[in-house]
1. Taking 22 Å as R0, compute the FRET efficiency from the Cβ-Cβ separation of residue 139 and residue 178 and round it to 0.05.
2. Considering only C-alpha atoms, what is the centroid distance from the stretch 247-270 to the stretch 62-105, in Å?
3. To test your reading of the geometry: what angle, between 0 and 90 degrees and rounded to tens, separates the Cα axis of helix 251-265 from the longest principal axis of the chain?
4. Could you compute the FRET efficiency for residue 58 and residue 247, with r as their C-beta to C-beta distance and R0 at 35 Å, rounded to 0.05?
5. Let me check against my output: what whole-number percent is the relative contact order of the stretch 138-233, with C-alpha pairs under 8 Å and at least 6 apart?
6. Please work out whether the stretch 164-270 counts as rounded, prolate or oblate from its C-alpha gyration tensor, where a ≥ b ≥ c are the square roots of the eigenvalues and a/c under 1.5 means rounded, while otherwise a/b larger than b/c means prolate and anything else oblate?
7. Would you work out the relative contact order for the chain, in percent, from Cα pairs under 8 angstrom that are 6 or more residues apart?
8. Report the residue, chosen from 245, 258, 129, that carries the largest GNM mean-square fluctuation when the chain is represented by alpha-carbon nodes joined by springs under 10 Å.
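Values quoted throughout were computed directly from the atomic coordinates according to the rules given, and no laboratory measurement underlies them. Note that the structure is predicted; figures quoted are calculated from it, not measured. Every residue, glycine among them, receives a Cβ derived from its backbone with ideal geometry; neighbour counts consider all protein chains shown.
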């Protein structure tokens, strides 16, 4: 009788071991698998839960008078007049980049409650720009996209939904909160653009509250790589804002001049 040698079955042991290992023990790598994210993980096998981070658009604001950066307390001479800007602030929203048949906008959304108590879902890209604070960098929000673009668009002011917001209903840090922007009482309305200055000639303090939105379109050539942040250098020229103003004119006429000047007061900083 032939004997079967037990050594002949040793090669089956690894296969048997694999067959009895529970599949749950084979851990798969978890991570962000969205190639548009800044933390895209090429080796991830399983999507993570809300872990993807997306690029940000940031406005880097240069407050200027002509070719000179405007510091707090500086005076500006124009048209035989001298003024000192005490306060300047304005809302922006609706940021977009376009070119070659494609458009990038902000992805973030927020539900705003208006002063009648109704809720509205809208893009969360509003910022309040102020010359009176030390930071000139404003993170607008997240976006996805890549490629070449040639036009930057945004609005100075607020949309109808944003302008109708109850400032007490938004988070305290939001630009539409009453302590962070310009919400005027007793009119219960947002001021889109505010200018307060001193006419040095007679030491008069003048303030102009503007509630008209103005669309801004600027040539801006940029190539965006997938997953990378974008910093946009914006110059605000206050000489352009007040060009053609005569302080003896009716305040409403002066506000109309300022509104007409806004579209040429913004440019891409070289």
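1. Using R0 = 22 Å, I get an efficiency of 0.55.
2. If you average the Cα positions of each part, the centres end up 11 Å apart.
3. Between the helix axis and the principal axis of the chain, the angle is about 40 degrees.
4. 0.45
5. 40 percent
6. Note, shape of the stretch 164-270 comes out oblate.
7. Computed value for the chain: 21 percent relative contact order.
8. 245
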